[in-house]
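The values are calculated or read from the model by the stated rules, or taken from the named source; none is laboratory data. Small disclaimer: the values here were computed from a predicted structure and weren't measured. Reconstructed Cβ throughout: ideal geometry from the backbone, glycine too, with neighbour counts over all protein chains shown. Ligands, DNA and RNA are excluded from the accessible area calculation, which covers all protein heavy atoms including side chains. Shrake-Rupley method; radii C 1.70, N 1.55, O 1.52, S 1.80 Å.
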Amino acid sequence: RAGTGRRSRPSVWLVLGAAIACAIFGTLVGLSQMYWLVAVLLVPTGFFMVFFAQAANQRVQLGVDAAFRGRVMALWVLVFLGTNPVGAPVIGWVAETFGAGAAIWIGALISLATALLALAWQLRRSGARLRFQVLPMPRFYVTQTES
């Protein structure tokens, strides 16, 4: 329901936020030592993973002219799913050598670093600033700087 009610193209900030949240929760899953804590943390991790994939897919599809949508989606699938044959053996070796938990948190930290680099690049490119509000409810938001 979180993404299905959306009527317009998701913002780049929403996609980046979902990627960062997924990576943070993934890192926590990999570092957790207690089974019950892993089980609890897998719920938000799975939510943000699906939410990120759905929002990114929707952003790509709605940002492309209809005449080129099929070609762009073919490239999108190649990038989104086509990297598995390269990454899977690498992460499999990490899991075999260092354990499943290490494979999860290492992969999640790589994802987090990538998402944070994309966030920094987007903030610099757009001239926006990231803000944090504590009250009345803690949240991050993006403001555009005056030119």
* Residue list for the stretch 99-147, filter: under 14 Å from the mean Cα position of the chain (by Cα), surrounded by 13 or more Cβ atoms within 10 Å (Cβ to Cβ), small (Gly, Ala, Ser) and within 19 Å of residue 14 (Cα to Cα) -> 108, 111, 115, 118
* Top-ranked residue in the stretch 21-80 [being within 19 Å of residue 100 (Cα to Cα) and not in a helix (DSSP H, G or I); ranked as least open to solvent (accessible area, probe 1.4 Å)] -> 32
* Residue within the stretch 124-137 that is closer than 14 Å to residue 17 by Cα, among the aromatic types (Phe, Trp, Tyr) and not in a strand (DSSP E or B) present -> no
* Output for the stretch 10-20, where each listed residue is of a type outside the set (Ser, Thr, Tyr) and not in a helix (DSSP H, G or I) -> 10
